[in-house]
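> Pasting a structure below so you can have a look.
The values are calculated or read from the model by the stated rules, or taken from the named source; none is laboratory data. Just so you know, these numbers come straight off a predicted model, no measurement behind them. A quick note on method: Cβ atoms are made from the backbone with ideal geometry, for glycine too, and the neighbour counts reach across all protein chains shown. Remember, those area values only see protein heavy atoms, side chains included, never the ligands or the DNA or RNA. Shrake-Rupley method; radii C 1.70, N 1.55, O 1.52, S 1.80 Å.
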Amino acid sequence: MVMMVVFSVMFLISLIAVASNPSPYFAALGLMIGAGVGCGMLTQFGMTFLSMILFLIYLGGMLVVFAYSAALAAEPYPSAWGSLEVFSYVVGSLMLVVVMWMLLVNDFGAFDEIEGCVMSVRRYVGVSEMYNAGGYMLLVAGWVLLVALLVVLELTRGFGRGCLRAV
Amino acid sequence: MTHILFTISTAFMLGLTGLTFHRTHLLSALLCLEGMMLSLFIALAMWSTQNDMMIFSSSPLLLLALSACEAGLGLSLLVATSRTHGSDHLQNLNLLQC
């Protein structure tokens, strides 16, 4: 319960850190912390396998690509959360979230954690039922990923369009 | 409203406001989209588990695959604009009307 509240508050803080318009390096850092904390939230509710998938996809796959693109879109004077414009965004959204929390939240206990019961043993089937139930749709999703690969290759093609730039 | 429901929906709304307000970089907008997809993933996973319907727990996997497609396409658009226009500032893209 306590860990759940701590994880959710950290998740909100990391989303504020992404949404408050800092430089892309710091926004990627905030998103990385948010993905890790989200894995913690899912683990608290007993979904260890989905938490592992989220960890692998976000932290292993996507953020490497985001770090590469942040290096591509580099700027000489990055602004962290300490600069004035970003700090005003942070304070404003933090106050808004706290006020809405005081107005709306009246119940802590409706979603409670499953004690000692992980997804791989839940209803005795777990992960195999997950892959069995949505198997054909997951196959379609694999083909969608292949089409996305072709589209990315087509978009970034072309020697005639580029130019040398000093990053 | 419970605490978890508030957390997930507020995270989604924070990502949405970050996307719609003034952005300097295209990459920041893509990161806000990723944050929205992260909150949707957690919401779908918690929905399928808390309602005790494990048969729906492949829907967050589908959402994750589609969000990976979206992130890849957004990054390739970022690479294409920074190759042809020199930078990824949204103000620059508005000014050049591309």
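> Could you look through the range A:10-34, keep only residues that are hydrophobic (A, V, I, L, M, F, W, C) and more than 8 Å from chain B (Cβ to nearest Cβ), and pick out the one that is nearest to the chain's Cα centre (by Cα)?
Checked the range A:10-34; the qualifying residue nearest to the chain's Cα centre (by Cα) is A:32.
> Picking from B:9, B:28, which residue would you name as being assigned to a helix (DSSP H, G or I), of a type in the set (Ser, Thr, Tyr), open to solvent by less than 60 Å² (accessible area, probe 1.4 Å) and facing chain A (nearest Cβ under 7 Å)?
B:28
> So, residue A:12, is that one within 23 Å of residue A:129 (Cα to Cα) and not polar (S, T, N, Q) or not?
no
> Being surrounded by fewer than 16 Cβ atoms within 10 Å (Cβ to Cβ), part of a helix (DSSP H, G or I) and within 8 Å of chain B (Cβ to nearest Cβ) is the requirement here; does residue A:38 meet it?
no
> Any chance you could count how many residues in the range A:17-35 are among the hydrophobic types (A, V, I, L, M, F, W, C) and open to solvent by less than 10 Å² (accessible area, probe 1.4 Å)?
4
> Another question, if that's okay. Look at residue B:43 and say whether it is at the interface with chain A (Cβ under 7 Å from one of its Cβ atoms), in a helix (DSSP H, G or I) and of a type in the set (Gly, Ala, Ser).
Considered against the rule, which asks whether it is at the interface with chain A (Cβ under 7 Å from one of its Cβ atoms), in a helix (DSSP H, G or I) and of a type in the set (Gly, Ala, Ser), residue B:43 comes out as no.
> Would it be correct to say that residue B:67 is more than 8 Å from chain A (Cβ to nearest Cβ) and crowded, with 20+ Cβ neighbours inside 10 Å?
yes
> Do you know which of the residues in the range B:1-38 that are touching a Phe, Trp or Tyr at 6+ places or on another chain (Cβ under 9 Å) and among the aromatic types (Phe, Trp, Tyr) is farthest from residue A:2 (Cα to Cα)?
The selected residue is B:21.
> Taking residue A:160 as meeting all but one of (1) at pLDDT 75 or above; (2) farther than 21 Å from residue A:52 by Cα; (3) more than 9 Å from every other protein chain (Cβ to nearest Cβ), write down the number of the exception.
Residue A:160 satisfies all of (1) at pLDDT 75 or above; (2) farther than 21 Å from residue A:52 by Cα; (3) more than 9 Å from every other protein chain (Cβ to nearest Cβ) except (1).
> Next up: For residues in the range A:41-57 being without any contact (Cβ under 8 Å) to a residue 24 or more places away in the chain and in contact with a Cys (Cβ under 6 Å, 6 or more places away or on another chain), which is farthest from the other protein chains (Cβ to nearest Cβ)?
A:55
> Further question on the same structure: Hey, among the residues in the range B:70-96 that are surrounded by 15 or more Cβ atoms within 10 Å (Cβ to Cβ) and small (Gly, Ala, Ser), which one's farthest from the other protein chains (Cβ to nearest Cβ)?
B:74
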